[in-house]
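The values are calculated or read from the model by the stated rules, or taken from the named source; none is laboratory data. Bear in mind that the values here come from a model prediction, so they are computed numbers and not experimental data. Methodologically, a virtual Cβ is constructed for each residue, glycine included, from the backbone with ideal geometry; neighbour enumeration extends over all protein chains shown.
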Ligand SMILES: Nc1ncnc2c1ncn2[C@@H]1O[C@H](COP(=O)(O)OP(=O)(O)O)[C@@H](O)[C@H]1O
Ligand SMILES: [Mg+2]
């Protein structure tokens, strides 16, 4: 019995291979979209982590000497006290014309070592004992080919160009700096109960590895992708729900017949459930392959970004991560089950002899619409409540989910209302019929249209967020990073020497000196600045008292960052206590993206007067931009500064912009894909409605409307639905962007971004939506145009 | 830490690289000193390091009982592995050091590992006064020789601080401390102090526990103790309630297993038993870290009327170190009752 | 002569024998003709050909002297919303339109909507009280009356009806038929009505019988 019933169930697919293909493809596309985003996100994170770990060790914290090098004895003392630290000796050496950066590490304790391309050659004795070995990229090895005095080279793809990674003993010899250590990496796993560093090594200071800024930028990239992943999941879920639901509807008659022929409801339900699972797995696997492909196509862009950022070649290839496979399959199966539960329950409860519901477009649909009209706002309200009650990032995402789902549920009643309104206004008979027909078809297209709505809203929302982010951030970069070069000295003494050396060679040397301080009860920093046009002209002030800069210059005024101003209500006119017996009036507030802490800016003399021993090791250099690279090179050579000590501002900006460009490429590609999938859902729905449509179309045709006209109307119909949905998606997308920028971003990073609107993008999107609608209707329309009259006549001849 | 790094680190430790035999102990001893059967051990000098040999270890295990009545075990091991047969100052030293510490309870097993370069003072061993250390882990003499020791180590989630007092003489294993490890004549210098009384404190995530028990120190150095066909060993140190002790091991060899044993009387006098006198047989295999490891054994030493079952206190005592192995306390039942330690490598 | 079916043949693709084999039939204006025959004898096929809904394989059909064969799709469609109207056994109303909209639909498509006439028809057919109802909510008799009204609103010269009472019980069917005959008479249209009921056939001015693809 089961075999026979299963045969009957499956025979449907054999007779309708097209339907089978669309169902599987629909599920597969949804899975593909979801998993592609997952894969890119996971891969990008892994790549960042790898790249960051390669250069700094993933320790995150480093110990540096307040002046000069760290003696080997200090390292040993820390170790003997239990501190898990790893020594790094860094320096430059000249090889003929080129300069080579030597990175000496202790292979036994350094957290990450590169893989060599010639593993056989890595005899540990050869690496650790004189003359040692240098790990370099193939290109660097090429450049060093004729260097006679260097240890043999081992090539690896995992390093930046111009860097030689080697054992610290080899580095000592090459740099002639025996017993010296540049910095100590603080390893992540420290035993409990260690003696404090201040007591063990008072000459060392703890700082973060210099990749904080980059990390914040990459965080924005991930936030973007995460939001996208979530939204694509919602789109995917609707599509899966739609396709799976339709597969039930199509076979309603067959289910009845099977029941009438004596198949128990339980067995039928189980069979249908089994079929659903099998389909979900098949489609899920297919989707994974597709998603993998999509990710593989997009990933090189991500990899290119990383390359630009770190100067380190990062693999553009994709590794199959079990978590990724699981999430993709889970999405397919979970989505299909979620969608199928409704259908399966229907099958289980279906009366054998129900009148074949001609088209559930009237009463039932109207009631369903009312339910949705109520559930939609309820969900939105739930989201708002979640933000209020749960709060934080979770609350933000719940708000996002509530808004999106609620809006999707509101779509059918809204569309029905709009169509009814249009029907009342329409005068032409064709227009009237078109609108009436549209309303009648709405229930069958609802899910596809919801998917389209979400896809479009996602497009608007994420697009607006990324664009706003970029606009704001590049503007801020221009304002804050005005100096052409930033220099980090290793000690105050070197700082003073640098300043003397630089002064005659540049337009201005702007010392960047700060003291850690408690500002309004929270940790923060007080910066001292010299009075210079660079600040007056460029600093991103968002609120200012008149003559603010003069007040700062004469030490009576202080500038605070937006975070501090917002948190403590410190706007111009208020007074801020900077320290014991040190108060100043707030004369301006500036934006300070990427910094979670409080910050204040005072005149340099004021800072030096109130805080003793303010380090003087950072400088901004004003110089003609084209001269900056030469000066940087001279500076490195003259003071033997490591690579990270001289930062070319143009490079920082270029790296930041590169991230956004790539974010754009990836976002745009995913957007088009999402739209494509939603368009595909419309196509599937239209094709499914096809058989049900003939009884609607045939009488109209019999009454003298040509098939050509009917085909045209078919396209118009789809265009109208897509267009209306796009119009409704626009406000939803803007709300979404607002939530992303004002709620998610604020909770995730602590600063708010202004929202910029891009109406041209909307027009492009409307066009895309219309295109998707037209493409989806193209196939049914062509079919209608070519339909033999005999097929239309069957409507009249055959019993329905 | 990624797998590549691990691979490189293993390469950095040639004495323990998985090149041939377990952890590469079967490699040829070019330039390194070879154990000499004529050599007579002399103390305190031989408590210190022997840089001219490729590998060496200071290996202490203890079976303990807590105030709470529960059984515990601890391990403290310092390995020395030489890239070349000499010592030098600074980073140029070819001597590499590695330390393992473990704390075993009936249901938990804590492991920590430390690595260091020789020559810079981060790790080393001095003979008199005796001190073996790596980072802040120490085995330090509180009296001349190694009669009284203080022992400490800590990992992320555990630590211990113990004092040890020897209750008997040193035991020279094999022939006057020359211990043969295969029929081809591979051998090591090997002596033990099997009779420490131990007291001290273990610190677990739940808090400190005062403990007392028995400790056993093994000292061994060589340049190639394993033959190329040997895949690993099963090593037992057992203390019986009657005061006798036994050290026994089996070297698993494709050309037939090799067993050896030393019987130690309550007064501390030792008798080396001939090859094959001890028979060991795995009874129960447990799934540990994705592989099958025997955690219950039958040991027979007919010459001493010994026929016992040896059962792991915690079958999951897997050492998740750079080269993984099994090491943990055991309980002895049968003709003799008692406690001991079991080490199994190459599974 | 209004309709001239001249030696028309129709063979469905894949069928062994033609459904219609050189069938000839003429119908004058104002004439009402009953077409009877066994089930499957080809009555509907003939009606569909007369309504320019389908192509024939041989012969010719003319309406007021206008031959069907040269007509393209658009020409045929124009015919169906001009001089010819159809009433089906299954009513075939447009389910998404209300009664009033359905009634006016065909005439508006043909560009000859006369609201007064349509309103008159609605009254005559007893549909005056139901303008905003949807077809699904009507009884069979009511639906068929909408279908007849829809066809007559066009003021066709030729009304083609395919077993219009086939789905209705006898009393309802008779009432519907009465209304149809009255309206046909009133507008001077010709009627070609397919039926297998002798009783109905007898009420029309002439009858022909179709067997084995030929008129007897
Ligand atoms: N579209 C079609 N394709 C193939 N055969 C058809 C088609 N329509 C009708 N037939 C066949 O043609 C014959 C005549 O059908 P029809 O004209 O509907 O008969 P009637 O209306 O007299 O019952 C029947 O045998 C029927 O099966
Ligand atoms: Mg018929």
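Residues that are more than 16 Å from the chain's Cα centre (by Cα): which strands (runs of 3 or more DSSP E) entirely in the stretch C:99-216 hold 3 or more of them?
C:206-211
Tell me which residues, restricted to the stretch C:1-34, are touching a strand residue (DSSP E or B) at 6+ places or on another chain (Cβ under 9 Å) and within 9 Å of ligand 1 (Cβ to nearest atom).
C:10, C:19, C:20
Where in the stretch A:725-800 are there helices (runs of 4 or more DSSP H), lying fully within it, with 3 or more residues that are away from every other protein chain (no Cβ under 14 Å) and either more than 16 Å from ligand 2 (Cβ to nearest atom) or modelled with pLDDT under 85 (or both)?
Once the helices (runs of 4 or more DSSP H) in the stretch A:725-800 are filtered for at least 3 residues that are away from every other protein chain (no Cβ under 14 Å) and either more than 16 Å from ligand 2 (Cβ to nearest atom) or modelled with pLDDT under 85 (or both), what remains is A:745-749, A:759-786.
Grab the strands (runs of 3 or more DSSP E) fully contained in the stretch C:1-90, keeping just those with 2 or more residues being more than 11 Å from chain A (Cβ to nearest Cβ) and over 21 Å from residue C:151 (Cα atoms). Spell out how you get there, then give the answer.
Values: elements: C:3-10, C:20-27, C:32-37, C:58-63, C:84-87.
Qualifying strands (runs of 3 or more DSSP E): C:3-10, C:20-27, C:32-37, C:58-63.
Among (1) touching a strand residue (DSSP E or B) at 6+ places or on another chain (Cβ under 6 Å); (2) more than 16 Å from ligand 2 (Cβ to nearest atom), which single condition is residue C:172 missing?
Among (1) touching a strand residue (DSSP E or B) at 6+ places or on another chain (Cβ under 6 Å); (2) more than 16 Å from ligand 2 (Cβ to nearest atom), the lone unmet condition for residue C:172 is (1).
So that you can scan it fast, the table gives a plain yes or no per residue for (1) at pLDDT below 95; (2) within 20 Å of residue B:238 (Cβ to Cβ):
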| site | (1), (2) |
| --- | --- |
| B:202 | no, no |
| B:207 | yes, no |
| B:210 | no, no |
| B:217 | no, yes |
| B:224 | yes, no |
| B:227 | yes, no |
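Quick check, is residue B:234 farther than 30 Å from residue A:191 by Cβ and modelled with pLDDT under 90?
no
So which residues in the stretch A:425-445 are at pLDDT 80 or above and surrounded by fewer than 16 Cβ atoms within 10 Å (Cβ to Cβ), if there are any at all?
Passing the criteria: A:425, A:428, A:431.
Which of the following residues is surrounded by fewer than 19 Cβ atoms within 10 Å (Cβ to Cβ) and more than 14 Å from chain A (Cβ to nearest Cβ): B:166, B:148, B:141? Please lay out each step first, then the result.
Working: B:166 fails: surrounded by fewer than 19 Cβ atoms within 10 Å (Cβ to Cβ); B:141 fails: surrounded by fewer than 19 Cβ atoms within 10 Å (Cβ to Cβ).
The unique qualifying residue is B:148.
All but one of (1) closer than 25 Å to residue A:200 by Cβ; (2) within 12 Å of another protein chain (Cβ to nearest Cβ); (3) surrounded by fewer than 21 Cβ atoms within 10 Å (Cβ to Cβ) hold for residue B:126; state the number of the condition that does not hold.
If we test residue B:126 against (1) closer than 25 Å to residue A:200 by Cβ; (2) within 12 Å of another protein chain (Cβ to nearest Cβ); (3) surrounded by fewer than 21 Cβ atoms within 10 Å (Cβ to Cβ), just (2) comes out false.
Please find, within the stretch A:119-138, the residue that is nearest to residue B:84 (Cα to Cα) out of those that are at pLDDT below 80 and more than 9 Å from chain B (Cβ to nearest Cβ).
Applying the filter and picking the extreme gives A:121.
Hey, among A:422, A:382, A:368, which residue is at pLDDT 75 or above and away from chain C (no Cβ under 14 Å)?
Result of the check over A:422, A:382, A:368: A:382.
Which of the residues spanning the stretch B:103-119 are buried (at least 23 other Cβ atoms within 10 Å of the Cβ), closer than 28 Å to residue A:125 by Cα and more than 8 Å from chain A (Cβ to nearest Cβ)?
Within the stretch B:103-119, B:114, B:118 qualify.
Which of the residues belonging to the stretch C:168-180 are surrounded by fewer than 17 Cβ atoms within 10 Å (Cβ to Cβ) and touching a residue at least 12 places away in the same chain (Cβ under 8 Å)?
C:175
Evaluate the following for residue B:92: is it under 20 Å from the mean Cα position of the chain (by Cα), surrounded by fewer than 23 Cβ atoms within 10 Å (Cβ to Cβ) and within 9 Å of another protein chain (Cβ to nearest Cβ)?
no
Give the residue that is nearest to ligand 1 (Cβ to nearest atom), with candidates limited to residues of the stretch C:163-188 that are within 14 Å of chain A (Cβ to nearest Cβ) and under 18 Å from residue C:135 (Cβ atoms).
By that ranking, first place goes to C:166.
For the stretch B:124-143, name all the residues that are under 13 Å from residue B:153 (Cβ atoms) and assigned to a strand (DSSP E or B).
If the condition is that a residue be under 13 Å from residue B:153 (Cβ atoms) and assigned to a strand (DSSP E or B), then B:132, B:133, B:134, B:137, B:138, B:139, B:140 are the ones that fit.
Considering only the stretch C:35-50, state which residues are touching a helix residue (DSSP H, G or I) at 6+ places or on another chain (Cβ under 8 Å) and more than 6 Å from ligand 1 (Cβ to nearest atom).
Those that are touching a helix residue (DSSP H, G or I) at 6+ places or on another chain (Cβ under 8 Å) and more than 6 Å from ligand 1 (Cβ to nearest atom): C:35, C:36, C:48.
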